[in-house]
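Undergrad: So that we are looking at the same thing, I have put the structure below in structure tokens.
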Amino acid sequence: MTDPIRIANCSGFFGDRLAAAREMVDGGPIDVLTGDWLAELTMLILMRQKLKRGNGFAGTFLTQLEQVLGTCSDRGIRIVSNAGGLDPLALGEAVDELATRLGIPVRVGVVSGDDLMPRMAELLQSGEGFVNLDTGETLLEAGAVPITANAYIGGEPIADALRGGADVVVTGRVTDAALVIGPAAWWHGWNFAAARAGDQAMRDALAGALVAGHVIECGAQACGGNYAFFRDVPGLEHPGLPIAEVAADGSTVITKHEGTGGMVTIGTVTAQLLYEIGGPAYANPDVTADFATIELEQVGRDRVRIGGTKGLPEPQRLKVAMNYLGGFRNSLTLVLTGLDVEAKADLALRTIAGLSLEQVRSTGTDAVALAAQSSLSVRELAVELLDSGIDDPAQPGDAQSFLRITVKDPDDAKVGKAFTAPLIEATLSSYPGMFPTTPPGPASPYGVYWPTTVARENVTVAVQVADEPLVGGTP
Amino acid sequence: MTTVRLPLGTFIGARSGDKGGDANVGAWVVAPVESAAVRLSHGRNSDLVSTADAVAVADARYAWLLSVLTVDGVRALLPETRDLRIEVHALPNLRAVNIVIHGILGRGVAETTRVDPQAKGLGEHLRARIVDIPTSLIDGPAA
């Protein structure tokens, strides 16, 4: 029986604490340093970056890597990151260049193949409809042209890269939990094929690692960050980040480095278990975990054991995160101070959009219908009145209510100055005390998220270590 | 049964977030045993509550939570969800429920016009709602 593997998280999103990699490496013993850089929105942000700057990976990872690569190399700490985003191969090259510049011998592993864009035409032709999981529409029916399309890859190719001797593994869109499943499977010699063939102990082990990965993928959120009972949490000005000690059977102790802020309790772990999940069956390409079987136990100070997790068969289709360009949007928020909030909102709306507050309320959230009734020539219009509802307001904050107006259109000109100028022109001629929270801004492009799936056999994962392709990548 | 009007968050924790155009709110019961764990975390072990009492109160609080956070209960507490499809999943091992609210974020964080585009604050909104809580659930070992 191998010892538990200590997997440290140093990032919960692209933009998380820059010093975290160094803190996790210097703070105590760990075996693998990992982190999540990719949220649903991040792929869209990276696409914009790629169009502007030529690369589509999370560059902050390189800054963090530079601070810890030498120490990790000396101590044999492996590093696994999905910061590759839309460009894992380019990030692999950048890591190589960094290591060469620093004079540190490093074998770089790259997991790619999640990006479906190069094969989009072929996939559509072969009968993939990319049906929207929420609406049931196919991509074609919606007339949507995706700008990013990435299949969520599991932990198996990461384990392959580590077995192939990679010191640093960079990936594109893998599931957040794959960053823990892969290293745990490599360390304990777990067999993915056996799990797929129905080996229950193997399924349970993978499911345990999946749950561990889910708990630590959002950084400090497992250690008291963003926690409902934050007043109970010590040192929240700078909480430690989580470590998963994953045992050979998949059971895990969640902890953090000694002497860091925050806390790890049944409560903080429960909060994170419930974060961004659906039903009790939580699917990953390698295995599905049954969250209803999870048992938590406080086994020491800042140590919570997760056990009992049962594995269910892996899903037949892989989840895909797709984004397409929806058009352009703009917002302005007007401040309504003091008395007659509704009457003030009504006058502002009649002036700006040719609509009464009553019309806005009766149309509800149908932004297309609201735009059609208005005098604005935009495709969508949304209005929100945030009424403080406080009588006899003593403080300025009590006296202020907000009217937020958002417009969207395929034509950026219609939601730029054409939208903001009439609004600003009205400031001396409308309700008393009119002013916006911020100066008017330009139109900005927005993406539309398209959640869908793809057949497993339509995804070909490539794993390479130190420029040599490995055989046997499975999504 | 006597009740007292207090915020749902008195002994219910919640965390919310987004999945595409859907939001989820996970809500769980603070067991008095957790207070013990918290004290352990803070290095004060002397005043641990009786585990048996704590579990009984936590179970009673969870049974009450299940009766409050039904689909209709969520619609009443968060009126903006009135016309949306809602699922409530019970996770008894965690004394928790997971509420999935479909379509509240339109077509995702970049597209939605909601002031809170990722539903980060939705759980805290729910916890702030004032409800009738049986006094027997408040009187147990302190949360």
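All of the numbers you see were taken from the coordinates with simple rules; none came from a lab. Everything numeric in this text was worked out from a predicted model, so none of it was measured. Glycine also receives a Cβ, built like all others from the backbone with ideal geometry; neighbour counts cover every protein chain displayed.
Undergrad: Explain nothing, just compute: Karplus ³J(HN,Hα) = 6.51 cos²θ - 1.76 cosθ + 1.60, θ = phi - 60°, for every residue of the range B:63-76 in order, whole Hz, x for Gly and Pro.
TA: With the stated coefficients, the range B:63-76 comes to 4, 5, 4, 4, 7, 8, 8, 7, 4, 5, x, 5, 4, 6 Hz.
Undergrad: Can I ask one more? Share of Cα-Cα pairs in the range A:373-475 beyond 23 Å, in percent?
TA: 56
Undergrad: In whole Å, what are the Cα extents of the range A:1-134 along the three principal axes, biggest one first?
TA: Principal extents (largest minus smallest coordinate, Cα): 50, 39, 26 Å.
Undergrad: How many percent of all Cα-Cα pairs in the range B:82-143 sit more than 18 Å apart?
TA: Numbers: 1083 of 1891 pairs.
Of all Cα-Cα distances in the range B:82-143, 57 percent exceed 18 Å.
Undergrad: Hey, another quick one. Between the range A:274-348 and the range B:78-99, how far is it from one alpha carbon centroid to the other, in angstrom?
TA: About 12 Å separates the Cα centre of the range A:274-348 from the one of the range B:78-99.
Undergrad: Moving to a separate point now. Over chain A, what is the relative contact order in whole percent, taking alpha-carbon pairs under 8 Å and six or more residues apart? Numbers along the way, then the final one.
TA: Numbers: 1076 pairs, mean separation 79.8, N = 475.
Computed over chain A, the figure is 17 percent.
Undergrad: For the range A:322-448, what is the relative contact order in percent, using Cα pairs closer than 8 Å and at least 6 residues apart in sequence?
TA: Working: 225 pairs, mean separation 53.5, N = 127.
Computed over the range A:322-448, the figure is 42 percent.
Undergrad: Rule-of-thumb check for the range A:169-226: C-alpha Rg over 2.2 N^0.38 Å? Can you show the working numbers first?
TA: Working: Rg = 12.7 Å, N = 58, 2.2 N^0.38 = 10.3 Å.
So the Cα radius of gyration is 1.24 times the expected 2.2 N^0.38 Å.
Undergrad: Tell me the mean residue ellipticity at 222 nm calculated for chain A from its helices only (DSSP H runs of n ≥ 4, each -39500 (n - 2.57), averaged over every residue, nearest 500).
TA: Counting only the DSSP helices, I get -9500 deg cm²/dmol.
Undergrad: What is the distance, in nm, between label points placed 7 Å from the Cα along the Cα-to-Cβ direction at residue A:388 and at residue A:13?
TA: 2.8
Undergrad: Checking the a/c ratio against 1.5 first, then a/b against b/c, what shape does the Cα gyration tensor give for the range A:78-196?
TA: oblate
Undergrad: Report the semi-axes of the equivalent ellipsoid for the range A:14-61 in whole Å, largest first, where each axis is √(5λ) for an eigenvalue λ of the Cα gyration tensor. Intermediate results must be reported in sequence, preceding the final value.
TA: Details: eigenvalues 144, 21, 14 Å².
Semi-axes from the Cα gyration tensor: 27, 10, 8 Å.
Undergrad: For residue A:445, what charge total do you get from the other residues with a beta carbon under 9 Å from its beta carbon, if Lys and Arg give +1 and Asp and Glu give -1?
TA: That sum, taken over residues with Cβ under 9 Å, equals +1.
Undergrad: Turning to a different aspect of this structure: Give, as a single signed number, the net charge of other residues whose beta carbon lies under 12 Å from the beta carbon of residue A:205, with Lys and Arg counted +1 and Asp and Glu -1.
TA: -2
Undergrad: A further question on this structure: From the C-alpha gyration tensor of the range A:322-448, pull out the three semi-axes of the equivalent ellipsoid (sqrt of 5λ each), sorted largest to smallest, in whole Å.
TA: 26, 15, 14
Undergrad: Let me ask something else about it. Under the rule of at least 5 residues apart or a separate chain, name every residue whose amide H is placed under 5 Å from the amide H of residue B:108.
TA: B:21
Undergrad: Which values of log₁₀ I(q)/I(0), to two decimal places, follow from the Debye formula for the range A:277-359 at q = 0.13, 0.20 Å⁻¹ with a uniform point scatterer at every Cα?
TA: Result of the Debye calculation: -0.69, -1.02.
Undergrad: Tabulate in residue order the Karplus-calculated ³J(HN,Hα) for the range A:41-57, using 6.51 cos²θ - 1.76 cosθ + 1.60 with θ = phi - 60°, rounded to whole Hz; enter x for Gly and Pro.
TA: 6, 4, 4, 5, 4, 5, 5, 4, 4, 5, 5, 7, 10, x, 10, x, 10
Undergrad: Lys and Arg at +1, Asp and Glu at -1: add these up for the other residues within a Cβ distance under 10 Å of residue A:359 and post the number.
TA: Working: positive: A:350, A:361; negative: A:346, A:358.
Surrounding charge for residue A:359 is 0.
Undergrad: Then there's this: Please compute, over every Cα-Cα pair in chain A, the percentage with a separation greater than 42 angstrom.
TA: Percent of Cα pairs beyond 42 Å in chain A: 28.
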